Amino acid sequence: MGWIKKTVVFILGLIAVMAISFFVFKYYRSSKAENIKIPENSVSVIRLDVDGLLLKMFKNSLSNYSEYYGSKKDTSTIRGKAKFWDIGVHIPSKLYMFSLSDTSRHYYAVLEVKDREDLKSLLKGQIGLSQDSVFQGLEKGQELYSKKHVQALFDNQRLILSLGKDQQPETMLTLLKSDEGDWAYANGFGKELKEIQDADMSFVDKKDNWATVNFQNGRLDINAFVKSSLLGFPSKPVQALIPEDNVLYMALNSDLSLILKDQEAELEKLKLPVDSIYKYVGNFATIELKDKEVLESDTIITYDYDDNFEMTEKKEINQVEVPSLSFQVMASPHLLGYLPEKMFYKFGKDFHNGLIRLSTDPAAFSQNIDLKPSPNVFVLSYQKKPVSAKYLGWLPNYDKILKGELNGIAEGSNSLRLKGGFAFENSAINSFYQIIGSK
């Protein structure tokens, strides 16, 4: 029986050594992450807890092997993916992305290059970037890859990853050449905010606005605090009952004139004369997308010669399917005359119960909104419906989200506390993996 005892002791000892090694390794990676630096002029930071999410997904994978690794007999799904340790860059336990402007949604990350060829394989094969041959500012040993909103600039030591609408190769090149000794420690951003410390993903800026996302099995949870001069909440908020047939519903109970003035340039592209209307809007607005489509008719006029070679006019009615989309805005009724009949779709319009209503769907005007006292100044609701694929397909991974809601409570006249979450189609799998890794 002595061999049984020795075997048990050996197994327990092996487990203990593995556990100790794991925690030592985790401590080592965490301590290295404490020394990550970002430019001192950064105005906001997004932090991703890489090791925490990997541990969550590993635990989840133990009971969902096929979802994570494919069939045990067919390993083709495994071979098709780049391995975490074989992507050519060092991924720290905490990944930081930073923005250098408070008016831009452009974010950068600085990573250490381990293997240049593996990195190029990742960028071209897995991410689908192409080498940029237009930008002329590169020096020997530097390469730039890009695709739409993603850019990657690297040499033998550093990778600068850029995410944003506009490409910024000059800024990336400056970051690549910068001396990190002049930068600030990334963990100094938001270190006083206890709400973000243990989050899977967090956002914080220099004005102490913050947001967190925690990825659970089958859902993600969102919490946020926003303070902005563009917000002006009433002392007694109101909201309407959310219709059951909506795909997407969003309502804001705030001074709309502040937002209109800030977005004047964009709204003028839709032929909205902001200067003439912003003084006459109120503090409530909704957007509704229903699970239906309606027919929009356009008359196309062409000219042709008849048998007598005389010019004749021909009219053709063209009908296309458009979404049942409605906007409701608390405003003065005289503003109806300022609103164009057609923006991106053709909208009918009327005024009822203090609200200007615009809709592609004539049936919407028979549904009256009833505003009642509510603790929420902001409401967002989503549920997956058949029409989602056609009109929300541009949203990343929209098809994996089953439903969700986000509610906002005012804290003062221009501060907002947001809380909510989204449920995923597969309730058993970690939501972060469903976003980035699942088929």
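The values are calculated or read from the model by the stated rules, or taken from the named source; none is laboratory data. Since we're looking at a predicted model, the values are computed, not measured. Positions of Cβ are backbone-derived with ideal geometry, glycine not excepted, and every protein chain shown enters the neighbour counts. With ligands, DNA and RNA removed, areas are computed over all heavy atoms of the protein, side chains included. Shrake-Rupley method; radii C 1.70, N 1.55, O 1.52, S 1.80 Å.
What size of dipole, in debye to the nearest 20, comes out for the chain about its Cα centre when the only charges are +1 on Lys and Arg C-beta atoms and -1 on Asp and Glu C-beta atoms?
Charge dipole of the chain: 2220 debye, to the nearest 20.
With runs of 4+ DSSP H residues as the only contributors, calculate the mean residue ellipticity of the chain at 222 nm using -39,500 (n - 2.57) per run, divided by the residue total and rounded to the nearest 500. Mind dumping the intermediate values first?
Working: 11 runs with 95 residues, N = 439.
After summing the helix terms and dividing by the residues of the chain, the value is -6000 deg cm²/dmol.
Taking every eigenvalue of the Cα gyration tensor of segment 217-291, multiplying by 5 and rooting it, what semi-axes result, largest first, whole Å? Display every interim value, and only then the final one.
On the way: eigenvalues 132, 60, 43 Å².
Equivalent-ellipsoid dimensions as semi-axes: 26, 17, 15 Å.
If I take the Cα coordinates of segment 245-286 and project them onto the principal axes, what are the three extents in Å, biggest first?
Computed over the Cα atoms, the extents are 35, 21, 14 Å.
How much net charge surrounds Gly408 when only the other residues with a Cβ under 9 Å from the Cβ of Gly408 are counted, with Lys and Arg +1 and Asp and Glu -1?
On the way: positive: Arg417, Lys419; negative: none.
Neighbourhood net charge equals +2.
Under 19 Å from the 7 Å Cα→Cβ point of Lys403, by amide nitrogen: which residues of segment 204-232?
Counting only backbone N, you get 216-222.
Would you work out the charge dipole size for segment 137-295 about its Cα centre, treating the Cβ of every Lys and Arg as +1 and the Cβ of every Asp and Glu as -1, and quote it to the nearest 20 debye?
On the way: 19 positive and 26 negative charges, 46 e Å.
Charge dipole of segment 137-295: 220 debye, to the nearest 20.
Can you count the Lys pairs in segment 356-439 with C-alpha separation below 24 Å, eight or more apart or on different chains?
Counting lysine pairs in segment 356-439 gives 16.
Just to be sure I understand the curve: with the Debye formula and one point per C-alpha of segment 90-139, what is log10 I(q)/I(0) at q = 0.18 Å⁻¹?
Each listed q corresponds, in turn, to -0.90.
If you count, for each residue, the other Cβ atoms within 10 Å and average over each peptide, how do 111-118, 249-256 line up from highest to lowest?
On the way: 111-118: 14.9, 249-256: 21.6.
For the peptides 111-118, 249-256, the packing ranking is 249-256, 111-118.
Over all alpha-carbon pairs of segment 120-277, lay out the pair-distance distribution in 5 Å bins, whole %, shortest bin first.
So the P(r) values, bin by bin, are 1, 6, 10, 10, 12, 15, 16, 12, 9, 5, 3, 1, 0.
Short version: ³J(HN,Hα) in whole Hz for each residue of segment 201-211, in order, from phi by Karplus 6.51 cos²θ - 1.76 cosθ + 1.60 (θ = phi - 60°), x for Gly and Pro, what are they?
Taking θ as phi minus 60°, the curve returns 9, 9, 10, 8, 10, 6, 9, 6, 6, 8, 8 Hz for segment 201-211.
In whole Å, what are the Cα extents of segment 182-262 along the three principal axes, biggest one first?
Sorted largest first, the three principal extents are 49, 38, 22 Å.
Rg and Dmax of the chain, using alpha carbons, in Å: what are they?
According to the Cα coordinates of the chain, Rg and Dmax are 27.2, 113 Å.
Binning every alpha carbon pair distance of segment 310-354 at 10 Å from zero, what are the percents per bin?
Calculated over all Cα pairs of segment 310-354, the distribution is 18, 41, 22, 14, 5, 0 percent.
Average projected area of the Cα convex hull of segment 107-168, in nm²? Numbers along the way, then the final one.
Values: hull surface 16.1 nm².
Across all orientations, segment 107-168 yields a mean hull projection of 4.0 nm².
Given labels modelled 7 Å from the Cα in the Cβ direction, how far is it in nm from Lys279 to Asp245?
Computed distance between label sites Lys279 and Asp245 equals 4.1 nm.
Beta carbons within 10 angstrom, averaged per residue: use that to sort the peptides 350-358, 233-241, highest first. Walk me through the numbers on the way to the answer.
Details: 350-358: 17.0, 233-241: 15.2.
The most tightly packed comes first, giving 350-358, 233-241.
Which value does Rg/Rh take for segment 134-218 over its C-alpha atoms, Rh per Kirkwood? Before the final figure, lay out each step's value.
Details: Rg = 16.5 Å, Rh = 15.5 Å.
With Rg and the Kirkwood Rh in hand, the quotient comes to 1.06.
For the chain, find the longest principal axis of its Cα atoms and tell me its angle to the long axis of helix 2-33, 0 to 90°, nearest 10.
50 degrees
Based on the alpha-carbon set only, what is the convex hull volume of segment 253-378 divided per residue, in Å³? Provide the component values of the computation, followed by the final result.
Working: hull volume 18.3 nm³, N = 126.
Normalising the Cα hull of segment 253-378 by residue number yields 145 Å³.
How high is the relative contact order of the chain, given as a whole-number percent (alpha carbon pairs under 8 Å, six or more residues apart)? Walk me through the numbers on the way to the answer.
On the way: 815 pairs, mean separation 63.4, N = 439.
Reported as a whole number, the value is 14 percent.
Please state, as a whole number in µm²/s, the translational diffusion coefficient that the Stokes-Einstein equation yields for segment 302-439 at 20 °C and 1.002 mPa s, with Rh defined as the Kirkwood radius across alpha carbon pairs. Numbers along the way, then the final one.
Values: Rh = 19.7 Å.
After rounding, the answer is 109 µm²/s.
Accessible area per residue for the chain in Å², computed with a 1.4 Å probe and the full protein assembly in place, what is it?
Details: 25710 Å² over 439 residues.
I get 59 Å² per residue for the chain.
Spelling out what I want: for every residue of segment 283-298, take phi, set θ = phi - 60°, compute 6.51 cos²θ - 1.76 cosθ + 1.60 (Karplus), and round to whole Hz; glycine and proline get x.
With the stated coefficients, segment 283-298 comes to 10, 8, 8, 9, 10, 9, 10, 9, 7, 6, 10, 10, 8, 10, 9, 10 Hz.
Rounded to a whole number, what % of the accessible area of the chain do carbon and sulfur atoms account for, probe 1.4 Å?
Working: 14420 of 25710 Å².
Ligands and nucleic acids excluded, carbon and sulfur reach 56 percent.
For helix 50-62, report the angle its Cα long axis makes with the longest principal axis of the Cα atoms of the chain; keep it between 0 and 90° and round to the nearest 10°.
Helix 50-62 and the main axis of the chain meet at about 90 degrees.
Which value, to two decimals, describes the C-alpha radius of gyration of segment 206-247 once divided by 2.2 N^0.38 Å?
For segment 206-247, the normalised Cα radius of gyration comes out at 1.69.
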